[in-house]
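See structure below.
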Amino acid sequence: MNGRLAMKTQPVLRDEFTYEIQPECLTQRGKHGQTTARWSELKAFSEDDSTRLIYPDFLPGRFYALPKSRLTPEFVEALRDNLQAADAPRR
């Protein structure tokens with residue numbers, strides 16, 4: 001599923017989320033709580049023009065949607081480095 005379509009068809013993705021990159025994991029925080037995905041638990045990632053999608057292994061058929069317009073260059077670099085180190089394949 002591409003990011004733009006996901007944002008339109010899944011209202012929960014339009015909620016406000018923050019992401020934090022830590023050496024051992026990616027943390028997502030929102031109004032309904034927090035989830036943490038260890039880098040080793042990420043099975044794949046993809047991106048389109050507007051969104052990066054991160055697929056954690058423990059959420060089959062689900063993903064984290066990160067709007068590119070909200071990502072800093074430092075965040076993108078850290079995300080890329082950690083995905084590469086985790087050997088997460090691109091979809």
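All of the numbers you see were taken from the coordinates with simple rules; none came from a lab. Here the structure is a predicted model, which means the values were calculated and not measured.
If you take the square roots of the eigenvalues of the alpha-carbon gyration tensor of region 9-91 and sort them as a ≥ b ≥ c, do you get rounded (a/c under 1.5), prolate (a/b over b/c) or oblate? Taking the square roots of the gyration eigenvalues as a ≥ b ≥ c, region 9-91 is rounded. Working note: Karplus 6.51/-1.76/1.60 with θ = phi - 60° gives region 65-77 the couplings 10, 10, x, 4, 5, 9, 9, 7, x, 5, 5, 4, 5 Hz, where Gly and Pro are set to x.
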